[in-house]
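Since the structure comes first, as structure tokens, the remarks are kept for the end.
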Amino acid sequence: MNHLEELIKQGFLVEEDAKESIEKIDEKAFDKLIKHLKQEKPFIVTGSIVDKILAEDIEIIKQFEEKKVFTVQDYVNALNKRYGFLQDLLMKKVELKNIVSINKVSQGPVSVIGMVKDIVAKNSGKTVVMEDPTGYIDVVMDSKMIERLVLDDVIAVFGQAKNKVVFAEKVLFPSIPLRPVNLSKKPIKVAFSDKKLDVDYVVSKDCVFDNKKQSKHKVSSPYMFSIGNINIMFLTGAKPIDILNKRYLNINRIDFLIDPIPDVIFTDQEISMSYKGVSIVPKNSIIDLMTRKIEKIEQKP
């Protein structure tokens, strides 16, 4: 017996516009539909009722949480958590060879992982002071490498060690890996806008609105949420590619670690692109999660 016949057998009246959708769904979705229909007992099953019941639920994965009181121990704990998370990511980089703790650095080729504690002028150039739990070391870098760094970044350096100084040949961030594009199983349109739009979901700085279920989720930016199998991040005030490479964002001394990896980032930067399988979507744009096609919202004068 097909899905439509089963519904009719159980006493439901089905409107014409719902029949095609009902026949296309799998057994799991049909069980969900039956369960909700028995609870809600609509007079007639319409296409809009089916869409509402089968719409993907929004799950808020994480959001920024401000702390009014921030102690020295809170700061130390946050740095340790960041270091542990990012060190683990860097240890998995296949480009690194001969990884040692800083206190074990001797002579020759070496890789070290550490936190940027200082950037100092030395010998008519700049030297980066790196720290790990075992100690400190000076790392001489190309100026272009240093331009990408800020204090407390966690990085890996490969280079030649001589007299307890590492001369960097390569600097690695704990960046996201190249991944295949993750697509939703059905067309789902999400917009970044402050206006009400005829799409499935609308995101803004402090809200995710579900048009299908007419529900609103209050959030604090930055935040991450999921729709089905797609992870989405909302990010303002920072460059998305930098954040994907450094894998953390620090706001008022509070870290927001980029974990899990988002499939989509909504940003206030004027950038629309794909980076290692992540779609970066600017404001006043709509993305279809099944195709990753991005379109601009026409702004009325």
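The values are calculated or read from the model by the stated rules, or taken from the named source; none is laboratory data. Just so you know, these numbers come straight off a predicted model, no measurement behind them. Ideal geometry is used to build each Cβ from the backbone, glycine not excepted, and the neighbour counts take in all protein chains shown.
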- prompt: Within the range 1-35, restricting attention to residues that are touching a residue at least 12 places away in the same chain (Cβ under 8 Å) and under 32 Å from the mean Cα position of the chain (by Cα), which residue is surrounded by the fewest Cβ atoms within 10 Å (Cβ to Cβ)?
  reply: Lys32
- prompt: When Val190 is evaluated against the numbered criteria (1) in a loop (DSSP other than H, G, I, E, B); (2) touching a residue at least 60 places away in the same chain (Cβ under 8 Å), which criterion, by number, is the only one it fails?
  reply: (1)
message: Quick check on the range 64-118: of everything there that is among the basic types (Lys, Arg) and either assigned to a strand (DSSP E or B) or in contact (Cβ under 8 Å) with a residue 12 or more places away in the chain (or both), which residue is surrounded by the fewest Cβ atoms within 10 Å (Cβ to Cβ)?
response: Lys97
field: Yes/no for Asp153 being acidic (Asp, Glu) and surrounded by 18 or more Cβ atoms within 10 Å (Cβ to Cβ)
entry: yes
message: Ala161 - would you say it is in contact with a helix residue (DSSP H, G or I) (Cβ under 6 Å, 6 or more places away or on another chain) and outside any loop (DSSP other than H, G, I, E, B)?
response: no
message: With the requirement that a residue be in contact with a helix residue (DSSP H, G or I) (Cβ under 8 Å, 6 or more places away or on another chain) and in contact (Cβ under 8 Å) with a residue 60 or more places away in the chain, what does the range 268-301 give you?
response: Lys276, Val278
- prompt: If Ser204 satisfies every condition in (1) touching a residue at least 40 places away in the same chain (Cβ under 8 Å); (2) among the small types (Gly, Ala, Ser); (3) within 14 Å of Gln63 (Cβ to Cβ) but one, which is the exception?
  reply: (1)
field: Subset of the range 274-293 (residues that are over 16 Å from the mean Cα position of the chain (by Cα) and under 17 Å from Ala238 (Cα atoms))
entry: Lys283
- request: Scan the range 235-253 residue by residue and report those that are farther than 15 Å from Tyr275 by Cα, surrounded by 15 or more Cβ atoms within 10 Å (Cβ to Cβ) and touching a helix residue (DSSP H, G or I) at 6+ places or on another chain (Cβ under 7 Å).
  value: Leu235, Tyr248, Leu249
task: Inspect the range 172-192 for any residue being surrounded by fewer than 18 Cβ atoms within 10 Å (Cβ to Cβ), of a type in the set (A, V, I, L, M, F, W, C), more than 30 Å from Ala55 (Cα to Cα) and touching a strand residue (DSSP E or B) at 6+ places or on another chain (Cβ under 7 Å) and give the result as yes or no.
output: yes
- request: Go through the range 49-86 and count every residue that is at pLDDT below 85 and among the small types (Gly, Ala, Ser).
  value: 1
- line: Here the residues within the range 24-58 that are among the charged types (D, E, K, R) and within 23 Å of Asp198 (Cα to Cα) are Asp51, Lys52, Glu56, Asp57
query: Pick from the range 260-279 the residues that are in a loop (DSSP other than H, G, I, E, B) and loosely packed, with under 14 Cβ neighbours inside 10 Å: which of them is modelled with the lowest pLDDT?
result: Glu270
statement: Taking the range 235-258 and keeping residues under 17 Å from Ile61 (Cβ atoms), touching a Leu at 6+ places or on another chain (Cβ under 9 Å) and not in a loop (DSSP other than H, G, I, E, B) leaves Leu235, Ile243, Tyr248, Leu249, Asp255, Phe256, Leu257
message: Show the residue pairs meeting these rules: Cβ distance below 7 Å; 6+ apart or different chains; first residue within the range 161-185 and closer than 18 Å to Ile287 by Cβ; second residue surrounded by 12 or more Cβ atoms within 10 Å (Cβ to Cβ) and among the hydrophobic types (A, V, I, L, M, F, W, C).
response: Asn182/Ile230; Leu183/Leu289; Leu183/Met290; Ser184/Ile230; Ser184/Leu289; Ser184/Met290
